[in-house]
1. Just one of the numbered conditions (1) assigned to a loop (DSSP other than H, G, I, E, B); (2) hydroxyl-bearing (Ser, Thr, Tyr); (3) modelled with pLDDT of 85 or more is not true of residue 16; which one?
2. Take segment 89-117 and flag every residue that is touching a strand residue (DSSP E or B) at 6+ places or on another chain (Cβ under 6 Å) and touching a residue at least 60 places away in the same chain (Cβ under 8 Å).
3. Considering only segment 123-132, I want to know if a residue exists there that is part of a helix (DSSP H, G or I) and loosely packed, with under 11 Cβ neighbours inside 10 Å.
4. Here is a list of conditions, (1) in a strand (DSSP E or B); (2) at pLDDT 90 or above; (3) not acidic (Asp, Glu), and residue 163 meets all of them except one; can you say which number that is?
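The values are calculated or read from the model by the stated rules, or taken from the named source; none is laboratory data. Because the structure is predicted, anything quoted here is derived from the model rather than measured. All Cβ positions, glycine included, derive from the backbone under ideal geometry; neighbour counts span all protein chains shown.
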Amino acid sequence: MGNANSLKYGGSVNYYEGVVVEDRGDVVTLDVKGRLGYLELAKDMFIAEHPFKLGQVVGWKMSFLEQLPDDAGDSYVRGVMNPDHTMYVEATVCLVEDCAISVDIKDNKGFFKTPMRMLLSEVPFEVGQTVGWNMSKIVQLGPDADDKYVSNIHNRERRAIEISNRNN
């Protein structure tokens, strides 16, 4: 049964930053800086003093995702707060690729796609397996957007449209 005590490296909590790339009302989407993944999280996973803006930078603490020894089923630990103010989070692997996995965070809290270098496991990952990690709530680092990231997001969207038009 999965719980915060099942994590071998749960105490290895690192600081991460991400950039808001979409606000869909009840869900905020982030690109994790350093090409470390993509997060879609329910707004209750955030501490926000300002409205979300495209390109806004946020920060949080998180351990590596670890494969848990057994399927946690419905009895996983919900929101256990650790001494470093992180909470235990569990997810189910929904996609395994060559260089990344995607997981659905339990309790409809969101979705996380991350490269293999952010994962700890003694066996290969498979769809349906349970993973766990420690994570703080995500905090806005200020009210303003980073213009560089906003420009990159718009350029990526523009290139996608150009490629789509060329292919059609």
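1. (1)
2. The answer is 90, 100, 105, 109, 110, 111, 112, 113, 114, 115.
3. No: zero hits.
4. (1)
Residues are listed down the side, and each one gets a yes or a no for (1) within 14 Å of residue 133 (Cα to Cα); (2) at pLDDT 80 or above; (3) among the acidic types (Asp, Glu); (4) surrounded by 12 or more Cβ atoms within 10 Å (Cβ to Cβ):
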| residue | (1), (2), (3), (4) |
| --- | --- |
| 32 | no, yes, no, yes |
| 41 | no, yes, no, yes |
| 59 | no, yes, no, yes |
| 63 | yes, yes, no, yes |
| 66 | yes, yes, yes, yes |
| 83 | no, no, no, no |
| 92 | yes, yes, no, yes |
